[in-house]
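Read the structure below first, then the notes.
Quick note: the coordinates plus some simple rules give every number you see, no bench work behind them. Please read all numbers here as calculations on a predicted model, not as lab measurements. Every residue, glycine among them, receives a Cβ derived from its backbone with ideal geometry; neighbour counts consider all protein chains shown.
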Amino acid sequence: MKKFILSTTTMMVLTGMLCFTNTAYSQSKSSPHRVGLVDMAYIFKNYDRFKDSLELLGKEMKVKDTEGKQMLEDIKAIGGQLQALKSSSPDYAAKEKELASASSDLAAFRKVAEREFMRKQSKIYKAIYIEVKEVIDLAAAQFHYDLILRFNRQDLNEAEDPKQILSGMNRQVVYHQKGNDITEKVLNALNSRYKKSSGSKTRTRSATGKKRSTKQ
């Protein structure tokens with residue numbers, strides 16, 4: 001009799017648990033969460049504004065590099081002049097001081113140039129990230145995504161470098177449907193918007209140039 005009561009009670013508990021599970025499953029099935037994926041590294045690599053910004057920064061740094069090379073040539077020239085002098089010469093101490101000063105200026109110049117490069121580079125990365133995030137937010141709202149995750153869309157079969165292979169094996173996303181990847185949608189929206197804005201700036205500069213030439 002006791003065994004019958006226990007088995008009946010057990011069946012009731014199991015039935016209750018199954019009903020709860022089915023209810024929870026049906027509720028989750030009626031309102032599923034949509035998860036989107038985006039490859040941020042791919043977007044940065046292929047976003048025209050990012051590439052143009054880095055190219056412009058590279059040109060600025062080349063100018064600095066040319067200045068630094070000229071300073072180095074000047075130092076070499078001073079060093080040659082110093083070697084031509086005797087240590088007992090009255091001009092030797094003055095030239096030695098000039099060499100030390102020029103070397104110190106070059107070191108300071110390189111340090112400032114490196115800091116300036118890092119500051120401008122980080123500023124570019126920040127601006128691009130904010131812009132990409134803005135477009136991702138718009139895409140998530142348009143396509144009704146509840147969550148957008150970063151992932152690497154590169155096919156592991158194409159990887160040959162051991163580091164890339166190990167990195168690919170440690171990916172958080174191991175499976176996804178193609179429709180979940182919104183990388184191309186975001187990238188196309190970014191490049192389209194940048195193309196329109198850069199085109200309008202070019203037309204504005206041309207129009208300004210014509211106005212100036214007319215006044216002259």
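Going by how many other beta carbons lie within 10 Å of each one, how would you line up V38, V63, V132, V173, fewest first?
Ordered by Cβ neighbours within 10 Å, fewest first: V63, V173, V132, V38.
If you rank H176, H144 by fewest surrounding Cβ atoms within 10 Å, what's the result?
H144, H176
Need one number: nm distance between label points at S197 and K97, each 7 Å from Cα along Cα→Cβ, rounded to one decimal.
With each label point 7 Å from Cα toward Cβ, the separation is 5.4 nm.
Can you give the three extents of the C-alpha atoms in the range 33-195 along their principal axes, from longest to shortest, in whole Å?
Per principal axis, max minus min of the Cα coordinates gives 84, 37, 21 Å.
Go through the range 47-115 and name the trypsin sites (Lys or Arg not before Pro) that are in a DSSP coil and have 13 or fewer other Cβ atoms within 10 Å of their Cβ.
Sites meeting the loop and neighbour criteria: K86.
What distance in nm lies between label points placed 7 Å from Cα along the C-beta direction at S87 and H33?
The two pseudo-label positions are separated by 7.6 nm.
Taking Cα pairs under 8 Å and at least six residues apart, what relative contact order does the range 56-206 come out at, in percent?
Rounded, it is 20 percent for the range 56-206.
Which of E116, E158 comes first, and how do the rest follow, when ranked by fewest Cβ neighbours within 10 Å?
Exposure proxy ranking, most exposed first: E158, E116.
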